[in-house]
Amino acid sequence: MRKILIVGAGQSGLQLALGLQAQGYEVTLMSNRTADEIRYGRVMSTQCMFHTALQHERDLGLNFWEPQAPRIEGLGVSVAGPDGTRAVDWVGRLDGYAQSVDQRVKMAGWMDTFAQRGGQLVIHGAAVSDLDYFSRTYDLVLVAAGKGELVSMFERDAARSPFTEPQRALAVAYVHGLGPRPEHPEFDAVRCNLVPGVGELFVMPTLTTGGRADILFWEGLPGGPLDVFRGVKDPAEHLALTLELMERFTPWEYARATKVELTDAGGTLAGRYAPTVRKPVGRLPGGGLVLGVGDVVVANDPVTGQGSNSAAKCAARYLESIVEHGDRPFDEAWMQATFDRYWETARHVTKWTNAMLGVPPEHVLRLIGAGQELPAVAHRFANGFNDPADFENFLYEPEKTAAFLESAAPA
Ligand SMILES: Cc1cc2nc3c(=O)[nH]c(=O)nc-3n(C[C@H](O)[C@H](O)[C@H](O)COP(=O)(O)OP(=O)(O)OC[C@H]3O[C@@H](n4cnc5c(N)ncnc54)[C@H](O)[C@@H]3O)c2cc1C
């Protein structure tokens with residue numbers, strides 16, 4: 001059977017490894033951390049995944065935590081007005097529920113499963129020189145190593161990457177003890193709180209190592225009042241800062257957060273990165289070729305919560321392409337075509353995410369505001385998180401937004 005090496009045990013690498021393994025491929029998975037190092041380490045993401053991406057996991061029988069993870073049935077948007085008021089506040093119901101399973105739980109669990117099913121799990125931080133050797137001994141080498149150093153093998157695609165600098169400073173805290181949302185407490189929702197000119201606060205339930213919890217996730221404009229987490233090493237200090245900023249900018253979220261405590265010592269994360277699209281084929285010094293997967297090739301800002309969704313969609317597309325290709329060589333043309341097939345979906349995510357990082361134009365403000373009066377607008381916008389291609393129909397051009405708002409208004 002064909003031999004495939006996957007470097008990186010995240011959403012994209014593990015989903016693809018387990019999918020190929022189930023089809024009888026001889027898969028080696030290389031990870032720079034053991035399952036226990038991941039399980040007992042630091043949180044990595046907020047990883048809210050919507051219906052289509054979750055369905056890819058179900059299709060492979062990998063939805064191990066679906067029964068325990070909270071069902072996120074709605075997506076809310078609040079916009080802060082002056083003086084701590086909420087200028088806009090609505091929640092749209094999702095047609096299919098979303099879920100967030102702490103990557104520490106999921107990736108560690110999937111790694112164990114891969115090994116139990118007879119997969120070759122190698123704990124080693126791969127360097128370019130290793131890949132040079134492996135590209136001669138494997139039929140295909142896939143690099144799914146996230147935003148780490150191996151991305152240097154893949155050329156930045158300047159035409160598809162408008163930013164050279166990080167657009168947000170990120171700060172995540174996993175907590176127990178958050179009170180329910182006062183509106184519609186009967187179902188779980190992710191709430192996106194937009195603070196114009198300052199940043200965004202995302203609040204969502206998750207399944208973490210110690211059971212159900214909630215995530216408080218600030219995205220701050222660099223240099224602004226939320227950009228204060230750099231150098232904060234003490235998790236308690238990180239949480240205190242998170243809450244202080246909530247009290248100042250989103251008092252309605254703070255009101256239910258007064259009794260929270262961190263889930264565990266690894267429950268905080270801070271950082272930043274520049275959103276980047278890369279050319280999918282990496283060339284090794286010895287002439288071998290490797291194909292990039294997931295964040296390696298398309299890393300968007302998490303402001304739209306799409307990276308894990310995209311990683312799952314990328315792994316699903318690549319799995320199809322590999323299987324369809326049969327015994328033919330995995331050459332450069334195949335690698336490019338495989339990525340192009342994924343880019344058909346990913347391009348919509350990149351366009352939308354980059355748009356949400358900028359100052360929203362008038363027609364987008366009108367659209368977001370209209371969600372409050374028009375349930376059809378809230379519903380359509382919320383479900384765009386599952387299928388960002390739909391934003392083409394009503395978000396980017398003022399005429400299309402106006403036509404949509406007219407059609408959404410009651411007769
Ligand atoms: C703060 C934050 C919040 C986010 N929130 C969301 C969200 O709500 N929804 C969503 O969909 N996405 C979200 N994302 C994005 C999402 O987490 C990523 O896009 C997704 O995890 C990418 O998956 P991946 O498989 O490409 O890479 P990763 O998950 O980064 O996995 C890469 C793996 O490769 C390993 N590795 C790295 N270098 C090497 C090496 N040299 N050798 C071997 N192994 C290596 C790493 O340790 C890691 O385990 C968020 C991201 C951040 C930072």
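The values are calculated or read from the model by the stated rules, or taken from the named source; none is laboratory data. Since the model is a prediction, treat every value here as computed from it, not as a measurement. For neighbour counting, all protein chains shown are included, and Cβ atoms are generated from backbone atoms with ideal geometry for every residue, glycine included.
Could you tell me how many of the residues in region 1-37 are near the ligand (Cβ under 8 Å from one of its atoms) and touching a strand residue (DSSP E or B) at 6+ places or on another chain (Cβ under 8 Å)?
9
One residue is enough: does region 294-303 have a residue meeting the conditions of a type outside the set (Asp, Glu) and more than 30 Å from Ala333 (Cα to Cα)?
yes
Is at least one residue of region 329-341 within 12 Å of the ligand (Cβ to nearest atom) and under 30 Å from Arg168 (Cα atoms)?
No - not one qualifying residue is present in region 329-341.
Are there any pairs, at least 6 apart or on different chains, whose C-beta atoms fall under 8 Å, with the first in region 383-396 and not assigned by TED's automatic domain parsing to the domain that holds Gly305 and the second part of a loop (DSSP other than H, G, I, E, B) and at pLDDT 95 or above, and if so, which?
Pairs found: Gly384/Leu395; Phe385/Phe50; Phe385/Gly305; Phe385/Gln306; Asn386/Phe50; Pro388/Gln306.
For region 224-324, list the helices (runs of 4 or more DSSP H) that sit wholly inside it and hold at least 2 residues that are without any contact (Cβ under 8 Å) to a residue 24 or more places away in the chain; which are they?
Where helices (runs of 4 or more DSSP H) fall fully within region 224-324 and carry at least 2 residues being without any contact (Cβ under 8 Å) to a residue 24 or more places away in the chain, they are 235-249, 307-324.
Report yes if some residue within region 10-19 is more than 21 Å from the chain's Cα centre (by Cα) and not hydroxyl-bearing (Ser, Thr, Tyr); otherwise report no.
No, every residue in region 10-19 fails to be more than 21 Å from the chain's Cα centre (by Cα) and not hydroxyl-bearing (Ser, Thr, Tyr).
Restricting the search to region 29-59, which residues are buried (at least 22 other Cβ atoms within 10 Å of the Cβ) and over 19 Å from the mean Cα position of the chain (by Cα)?
If the condition is that a residue be buried (at least 22 other Cβ atoms within 10 Å of the Cβ) and over 19 Å from the mean Cα position of the chain (by Cα), then Leu29, Met30, Ser31 are the ones that fit.
Under 9 Å between Cβ atoms, which residue pairs at least 6 apart in sequence (or on different chains) link something in region 30-44 that is at negative phi with a partner that is among the hydroxyl-bearing types (Ser, Thr, Tyr) and part of a loop (DSSP other than H, G, I, E, B)?
Arg39/Thr209; Tyr40/Thr209; Val43/Thr263
If a residue must be closer than 19 Å to Val91 by Cα and buried (at least 23 other Cβ atoms within 10 Å of the Cβ), how many such residues does region 201-211 contain?
Looking only at that region, the number is 4.
Among what's in region 255-282 and is hydroxyl-bearing (Ser, Thr, Tyr) and surrounded by fewer than 19 Cβ atoms within 10 Å (Cβ to Cβ), pick the residue that is farthest from Ser135 (Cα to Cα).
Checked region 255-282; the qualifying residue farthest from Ser135 (Cα to Cα) is Thr258.
Which of the residues that make up region 127-183 are in a loop (DSSP other than H, G, I, E, B), surrounded by fewer than 18 Cβ atoms within 10 Å (Cβ to Cβ) and within 12 Å of the ligand (Cβ to nearest atom)?
If the condition is that a residue be in a loop (DSSP other than H, G, I, E, B), surrounded by fewer than 18 Cβ atoms within 10 Å (Cβ to Cβ) and within 12 Å of the ligand (Cβ to nearest atom), then Ala127, Lys147, Gly148, Pro166 are the ones that fit.
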